[in-house]
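Below is one structure, written out as structure tokens, with a few remarks after it.
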Amino acid sequence: MFGNIQSNLSKIFRKLRSKGRLTEDDLNQGFDEIKRVLLEADVNYEVVNKFIEDVRERALGQEILFSLNPGQMVVKIVYEELVDILGKAKKEIFFKGNPAIIMLLGLQGSGKTTTAGKLAVLLKKKNRKCILVPADTRRPGAVEQLKQIAEQANVGFYEPDTDDPLEIARKAPKVAYINSYDTVIIDTQGRLHVDDKLMKELKQMIKIAKPSEKLFVADGMTGQDAVNIADRFNNDLDITGVILTKLDGDARGGAALSIYSVTGKPIKLIGVGEKITDMEQFYPDRIASRILGMGDVLTLIEKAEEGFKEDEAKRLEKKLKKAQFNLDDFLSQIKQVKKMGSLGSLVKMIPGMPAKGIENVDDNVLVRIEAIINSMTKEERESPEILGGSRRKRIAMGSGTSVQEINQLIKQFDMMKKMMKTYMKGGKRGLPF
Ligand SMILES: Nc1nc2c(ncn2[C@@H]2O[C@H](COP(=O)(O)OP(=O)(O)OP(=O)(O)O)[C@@H](O)[C@H]2O)c(=O)[nH]1
Ligand SMILES: [Mg+2]
């Protein structure tokens, strides 16, 4: 997620931090570079301009030029301003009425139907009883697609007896109520472009169904286009929030960074993969830290908690905090990660792990890491610093790997530990700079 923007920004910050003192020229040059990176990521032009002006004003106003660590100060300001334009705080899905109605809106292929299933899975965890309603009756196969997704999510499905979306919007809530569903998720039709006919139909549906949430589903890969369309939907239909999909790919970040500032409507959830469980709450602070390349220990811990037994997660969290992290933890974490699927995305959240290239960590590599660690004694796993040449040779023999691979593993482990220490020193929200 946001790999390019992340690596470009860290280059700029590294440069700024490498200077003991910063002149006004240094700062202005830094801001120009940040501006370029944001524009390259397809962030809306006006949003970028305002962002840079806000950062500049704060930076120059805070006597940054004389502060002890000016580079760090700049990063802190950029981080806080990023959190602001991303929407400040997380926003929950809002439920009103029985059943509560959630409508998913958006262009063709943005991910509405997939999102309907993901949302139902997410809400099930909050004890909501969902029924999926197909109001997209025009595209062949659309009803069937949603039906299969409902089966997969193991939630209710409304079988329409008409092709008229308005009729469906009228009947489905009643059927849901009779069958004790408390949440109705309506999947609507997408069009290639925004057109008046679509808007008119959606407006009528909204009038009939009275949804408490009108969520605009936007393709996170598309940058400013998504923002313009969101703006149009918002003007016509007064959307209540946004779901950004496909952030697992190489989304440049433009949509995520602009959509709240342009529409005033918060991003509530993000889609991070094709699987039905690949949806997350959107946390502006966590995304900002991810964009700044800090890794995302918080999200990692939260994900881990779902997969781990509760006490195992607590133990890990404690260790993470103290940065007492040994090779056993490294291994058990990798094993848990394996269970949780989507390895690439999880590993990327570990602080210090480079965003690029890590996607290539495949199961084969994991098996070898596991073999290496299993060939170590208990003492060696707890204190890897005792691993001298002869021990490494023995472990290589025992695990069927090579000394180089062991060297590499230890190097990665050391790097991760070091990054965690730095990160944790500043508290959970601190900056590792
Ligand atoms: N990688 C990834 N793919 C996604 C995500 N969300 C949706 N997709 C994919 O995007 C494609 C389109 O998704 P749909 O849910 O069918 O989109 P839609 O908005 O319902 O499309 P129409 O019904 O044609 O308007 C599918 O191949 C999905 O698997 C996501 O978060 N990540
Ligand atoms: Mg669809």
Within the bounds of region 64-75, is there any residue that is in contact with a Pro (Cβ under 9 Å, 6 or more places away or on another chain) and not aliphatic (A, V, I, L, M)? no
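Please go through region 84-112 and give me each residue that is within 16 Å of ligand 1 (Cβ to nearest atom) and open to solvent by 30 Å² or more (accessible area, probe 1.4 Å), ordered by number.
Hits for region 84-112 are Gln108, Gly109.
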Log entry, pairs with first residue in region 132-143 being under 21 Å from Ser180 (Cβ atoms), second being modelled with pLDDT of 95 or more and within 9 Å of ligand 2 (Cβ to nearest atom), beta carbons closer than 6 Å, six or more apart or on different chains, reads Leu132/Ala116; Leu132/Leu146; Pro134/Leu146; Pro134/Asp187
Checked region 233-271 for anything open to solvent by 20 Å² or more (accessible area, probe 1.4 Å) and within 10 Å of ligand 1 (Cβ to nearest atom); matches are Lys246, Asp248, Gly249
Looking at (1) buried (at least 19 other Cβ atoms within 10 Å of the Cβ); (2) assigned to a helix (DSSP H, G or I), which one does Arg170 not meet, given that it meets all the others? (1)
Quick one: would you say Ala142 is among the hydrophobic types (A, V, I, L, M, F, W, C), more than 24 Å from the chain's Cα centre (by Cα) and near ligand 2 (Cβ under 10 Å from one of its atoms)? yes
Search result, residues across region 176-200 that are in a helix (DSSP H, G or I), touching a residue at least 24 places away in the same chain (Cβ under 8 Å) and buried (at least 18 other Cβ atoms within 10 Å of the Cβ): Ala176
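Go through region 122-146 and count every residue that is among the polar types (S, T, N, Q), more than 16 Å from ligand 1 (Cβ to nearest atom) and either touching a Lys or Arg at 6+ places or on another chain (Cβ under 9 Å) or open to solvent by less than 50 Å² (accessible area, probe 1.4 Å) (or both).
0
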Only one of (1) in contact (Cβ under 8 Å) with a residue 60 or more places away in the chain; (2) of a type in the set (Gly, Ala, Ser); (3) more than 16 Å from ligand 1 (Cβ to nearest atom) does not apply to Ala59, and that is (1)
Run Lys112 past the list (1) basic (Lys, Arg); (2) farther than 30 Å from Glu33 by Cβ; (3) not assigned by TED's automatic domain parsing to the domain that holds Gly190 and report the number of the one that doesn't hold. (3)
Taking the stated definitions as given, is Leu119 within 13 Å of ligand 1 (Cβ to nearest atom) and either in contact (Cβ under 8 Å) with a residue 24 or more places away in the chain or not assigned by TED's automatic domain parsing to the domain that holds Thr263 (or both)? yes
Just give me the residues in region 183-197 being touching a Cys at 6+ places or on another chain (Cβ under 8 Å) and more than 16 Å from ligand 2 (Cβ to nearest atom), in sequence order. Thr183, Val184
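The values are calculated or read from the model by the stated rules, or taken from the named source; none is laboratory data. As the structure is a prediction and not an experimental result, all values here were calculated from the model. We place every Cβ from the backbone using ideal geometry, glycine too, and count neighbours over all the protein chains shown. The protein model used for the area step is the full one, side chains on, heavy atoms only, and it has no ligands, DNA or RNA in it. Shrake-Rupley method; radii C 1.70, N 1.55, O 1.52, S 1.80 Å.
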